[in-house]
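Each remark here refers to the structure printed beneath this line.
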Amino acid sequence: MDHTANDRIKQEAIDRYTRVIQRENNSQAHYWLGMVYLNMDNYEEALNHLDLASKLSPEEQFYSNQLNVLLKHMASSGAFLAKESAPSGSDTDSTALSLHDKIRRKILVVEDSSTIRKVISITLSQKGYETIKAGDGLEALSRLDESKPDLILLDIILPKMDGYQILSIIRENPEFKTIPVIMLTSKDGIINKVKGKVAGSSAYLTKPFDPTQLVETIERHI
């Protein structure tokens with residue numbers, strides 16, 4: 001089968017399943033849309049639809065298992081560390097589900113890659129956390145003031161203001177200085193870790209990260 005014919009089949013599948021979910025929130029249609037997008041290497045759309053399939057049919061363990069496989073792959077793959085050129089919006093996630101009626105803790109995720117933000121957000125929502133997302137330093141400070149999070153995941157390399165500058169502002173503010181801050185970075189080295197510790201970080205995670213390690217680190221500090 002030639003490349004053009006294969007692309008046409010994929011597009012026809014997208015159109016078909018999209019028509020289904022326009023009529024009803026169908027978990028199976030979302031799952032198959034996710035599979036088509038995954039086959040097209042569109043990981044973010046695949047993630048969106050697998051997440052929706054899992055939420056629409058929580059009793060179907062298969063959907064959540066497939067979602068977790070994709071999350072683990074995306075979180076641990078160096079291919080997703082490249083900064084994206086698409087503008088980052090204020091995509092605050094309010095869809096996290098509470099587990100056993102526990103109080104949802106709020107986590108501010110400051111990361112300029114929308115894909116990495118999505119991976120972290122879905123990973124944490126599965127554990128019952130609410131995520132607030134920011135794509136740059138200025139947006140992070142605005143979200144911080146609005147949401148009063150219980151913990152902050154803070155990337156070091158950001159537009160407008162780097163993570164160390166943001167951390168310095170947080171630690172100088174009496175209202176926020178005790179909030180745990182976990183630094184995220186693709187740079188692994190003792191100098192960066194020492195710099196983050198001196199600036200007041202609670203922990204330091206190097207990307208690519210394992211989702212289990214991320215959750216365990218958060219739970220040690222929240």
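Things worth noting here:
- Tally of residues being surrounded by 12 or more Cβ atoms within 10 Å (Cβ to Cβ) and charged (D, E, K, R) across segment 9-60: 7
- Filter pass, D112 being under 14 Å from the mean Cα position of the chain (by Cα), part of a loop (DSSP other than H, G, I, E, B), modelled with pLDDT under 90 and under 21 Å from L205 (Cβ atoms): yes
- Just one of (1) surrounded by 22 or more Cβ atoms within 10 Å (Cβ to Cβ); (2) under 16 Å from T217 (Cβ atoms) fails for A134. It is (2).
- Single residue of segment 137-149 satisfying the filter (crowded, with 19+ Cβ neighbours inside 10 Å and in contact (Cβ under 8 Å) with a residue 40 or more places away in the chain) that is farthest from D162 (Cα to Cα): P149
- Of the helices (runs of 4 or more DSSP H) lying entirely inside segment 154-222, those containing at least 2 residues that are modelled with pLDDT of 90 or more are 163-172, 211-221.
- For segment 134-146, the criterion of being at pLDDT below 85 and not in a strand (DSSP E or B) is met by no residue.
The values are calculated or read from the model by the stated rules, or taken from the named source; none is laboratory data. Predicted model only: the values in this text are computed from it and were never measured. Cβ atoms come from the backbone with ideal geometry, glycine included; neighbour counts cover every protein chain shown.
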